[in-house]
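A short worksheet on the structure shown next.
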Amino acid sequence: MILRGFALLEAAPIFGHVNKIAAVSPFRHMITPGGFRMSIAMTNCGKVGWISDRKGYRYTEIDPETGSHWPAMPSLFSQLSERAATAGGFAGFASDACLVNRYEPGARLTLHQDKDEADFRHPIVSVSLGLPATFLFGGNTRKERPRRYRLESGDVVVWGGPARLTYHGVAPLKDGVSDLTGACRINLTFRKAS
Ligand code: MD6
Ligand code: FE
């Protein structure tokens, strides 16, 4: 479900928190298990954070770049993700991980499933900030041709139930400048990982 503008009122304070998180655990381009450098830059906040390296994809309590815990999840983040999940039909969502993605022009995310979490009964809540993007929403196999949805700053996607393992991705980001974020798009995905 796409909740248009659900985070618009809080967009500026959310972006402020993103900058504080990145000052502690910097954005970095992770390496896929196959050896490719991801075009999007990532960091995390919360009890656990999602990482990728030559050994695979997983959640860790420690940021491998800093050797310390990931920054705590701001209460604004947990409250917003809980409210959005409830609006999307998933009351009682308590996320313990927030993956923060930064897209610069040309950056993209190829079709994938989110399947590193322990229990797929929990939804994922996704918040878009800054430049608009085309979200690709496919099927249960990589072959299905994805539908395309434009996501704007402040839009929130709630994702769960029968859709939880749908293949999805983001088309290459177009050039532009956002009043909020400058020349990039920020995406936050909230998960209950452990
Ligand atoms: C993005 N989002 O929108 C990437 N995954 O930048 C995701 O990969 C995603 O938005 C699972 C659920 C919602 C998402
Ligand atoms: Fe995903």
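The values are calculated or read from the model by the stated rules, or taken from the named source; none is laboratory data. Owing to the predicted nature of the structure, the values given are computational and were not obtained by experimental measurement. Reconstructed Cβ throughout: ideal geometry from the backbone, glycine too, with neighbour counts over all protein chains shown. In case anyone asks, the SASA skips ligands and DNA or RNA and just uses the protein heavy atoms, side chains included. Shrake-Rupley method; radii C 1.70, N 1.55, O 1.52, S 1.80 Å.
Matching residues to (1) at pLDDT 95 or above; (2) hydrophobic (A, V, I, L, M, F, W, C); (3) in contact with a strand residue (DSSP E or B) (Cβ under 7 Å, 6 or more places away or on another chain):
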{"residue": "Thr86", "(1), (2), (3)": "yes, no, no"}
{"residue": "Leu99", "(1), (2), (3)": "yes, yes, yes"}
{"residue": "Arg108", "(1), (2), (3)": "yes, no, yes"}
{"residue": "Ala118", "(1), (2), (3)": "no, yes, no"}
{"residue": "Pro132", "(1), (2), (3)": "yes, no, yes"}
{"residue": "Pro146", "(1), (2), (3)": "yes, no, yes"}
{"residue": "Ala163", "(1), (2), (3)": "no, yes, no"}
{"residue": "Gly182", "(1), (2), (3)": "yes, no, no"}
Which of the residues spanning the stretch 94-118 are under 20 Å from Glu61 (Cα atoms) and open to solvent by less than 40 Å² (accessible area, probe 1.4 Å)?
Ser95, Asp96, Ala97, Cys98, Leu99, Val100, Asn101, Asp114, Glu117
Cβ-Cβ below 8 Å, separation at least six or inter-chain, first residue in the stretch 104-131 and closer than 18 Å to Ile51 by Cβ, second assigned to a loop (DSSP other than H, G, I, E, B) and within 10 Å of ligand 2 (Cβ to nearest atom): which pairs?
His112/Tyr167; Gln113/Thr166; Gln113/Tyr167; Ile124/Asp114
From the options Gly34, Gly56, residue that is free of Cβ contacts under 8 Å to residues at least 12 places away in the same chain and open to solvent by less than 60 Å² (accessible area, probe 1.4 Å)
Gly34
Does any residue of the stretch 34-53 turn out to be among the β-branched types (Val, Ile, Thr), within 11 Å of ligand 1 (Cβ to nearest atom) and either part of a loop (DSSP other than H, G, I, E, B) or in contact with a helix residue (DSSP H, G or I) (Cβ under 7 Å, 6 or more places away or on another chain) (or both)?
yes
Reported set for the stretch 79-95 where residues are within 14 Å of Val48 (Cβ to Cβ) and more than 13 Å from the chain's Cα centre (by Cα) is Ala94
Per-region count, the stretch 153-191, residues crowded, with 20+ Cβ neighbours inside 10 Å and basic (Lys, Arg)
2
Criterion first (free of Cβ contacts under 8 Å to residues at least 24 places away in the same chain, away from ligand 2 (no atom under 15 Å from the Cβ), on the phi < 0 side of the Ramachandran plot and surrounded by fewer than 22 Cβ atoms within 10 Å (Cβ to Cβ)) does Glu144 satisfy it?
yes
Scanning for something open to solvent by 20 Å² or more (accessible area, probe 1.4 Å), without any contact (Cβ under 8 Å) to a residue 40 or more places away in the chain and in a strand (DSSP E or B), does the stretch 8-26 turn up at least one residue?
no
